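Undergrad: Dropping a structure here in structure tokens format, bear with me for questions.
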Amino acid sequence: MPKPPNKNSKKGKTVSIIPETELIKSTVTLRLLDFPPSVKKTKRSLLRFFALSLGLISENETRTVVLPVLDSLFHHIFSSKPAPSTLDVQDFIKTHYNFKISEKLIRYHLQKLIDLHIILRKKNLYYLNNAPNAEKEDINALFDYWLKKDLLDSLDNAKEAFSLLEKSFSSK
């Protein structure tokens, strides 16, 4: 027996059968990982941890091209170099990793960081998305403002929904 479709078609548009999908602002994959001292020893393991914890790669991922992209981006941003373009990222990877990656794939991985509000793009250059009223490149403020607040709000909403569900079942 075939599975029922998840979406209906209406006037040429795909419409979700779950009306609450319209309420989705964004999707964030956050993995709860142990952070042992061994991970903190090398830049490569920190890059993997960062990418894995924020859902930029999956635990069974064999294509880890995002790691050189992150390495290049962070090299430019944290070394007081000018904001990088995709060509700067590409050149860094070619020089330090001895392989070429397409600009399209670089933009794809950088877009994931833009979607998380970690970086932003201005005139084809990439910058940290600093929190308002925070010091430039204050990573803690950036995470607190752009990620932590939204995640905590989302958890609070889920908790409230759970509480209301409990009340709706116990009142019967």
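Undergrad: Tell me yes or no: at least one residue of segment 12-25 is at pLDDT 95 or above, outside any loop (DSSP other than H, G, I, E, B) and surrounded by fewer than 16 Cβ atoms within 10 Å (Cβ to Cβ).
TA: The answer is no, given that none of the residues of segment 12-25 is at pLDDT 95 or above, outside any loop (DSSP other than H, G, I, E, B) and surrounded by fewer than 16 Cβ atoms within 10 Å (Cβ to Cβ).
Undergrad: Here's another thing I want to ask about it. When you scan segment 68-78, do you find a residue that is in contact (Cβ under 8 Å) with a residue 24 or more places away in the chain, among the acidic types (Asp, Glu), over 16 Å from Asp115 (Cβ atoms) and assigned to a helix (DSSP H, G or I), even just one?
TA: Yes: segment 68-78 contains one or more residues that are in contact (Cβ under 8 Å) with a residue 24 or more places away in the chain, among the acidic types (Asp, Glu), over 16 Å from Asp115 (Cβ atoms) and assigned to a helix (DSSP H, G or I).
Undergrad: Quick one: in segment 127-172, which of the residues that are hydroxyl-bearing (Ser, Thr, Tyr) and surrounded by 13 or more Cβ atoms within 10 Å (Cβ to Cβ) is nearest to Leu70 (Cα to Cα)?
TA: Among them, the one singled out is Tyr127.
Undergrad: I would also like to ask the following. Against the conditions (1) touching a strand residue (DSSP E or B) at 6+ places or on another chain (Cβ under 7 Å); (2) more than 22 Å from Arg44 (Cα to Cα), where does Asn124 fall short? Just the number, please.
TA: Unmet for Asn124, out of (1) touching a strand residue (DSSP E or B) at 6+ places or on another chain (Cβ under 7 Å); (2) more than 22 Å from Arg44 (Cα to Cα): (1).
Undergrad: Are there any pairs with C-beta distances below 7 angstrom linking a residue in segment 81-100 that is assigned by TED's automatic domain parsing to the domain that holds Glu137 and in contact (Cβ under 8 Å) with a residue 60 or more places away in the chain to a residue that is among the polar types (S, T, N, Q) and in a loop (DSSP other than H, G, I, E, B), with the two at least 6 apart or on different chains, and if so which?
TA: none
Undergrad: If I filter segment 54-67 down to residues being among the β-branched types (Val, Ile, Thr) and in contact (Cβ under 8 Å) with a residue 24 or more places away in the chain, which single residue comes out as surrounded by the fewest Cβ atoms within 10 Å (Cβ to Cβ)?
TA: In this case the residue turns out to be Val65.
Undergrad: In addition: Quick one: in segment 104-124, of everything that is surrounded by fewer than 13 Cβ atoms within 10 Å (Cβ to Cβ) and more than 10 Å from the chain's Cα centre (by Cα), which residue is farthest from Ile139 (Cα to Cα)?
TA: Step by step, filter segment 104-124, then rank; the result is Lys104.
The values are calculated or read from the model by the stated rules, or taken from the named source; none is laboratory data. Note that this is a predicted model, so its numbers are computed, not measured. Virtual Cβ from ideal backbone geometry, glycine too; neighbours counted across all protein chains shown.
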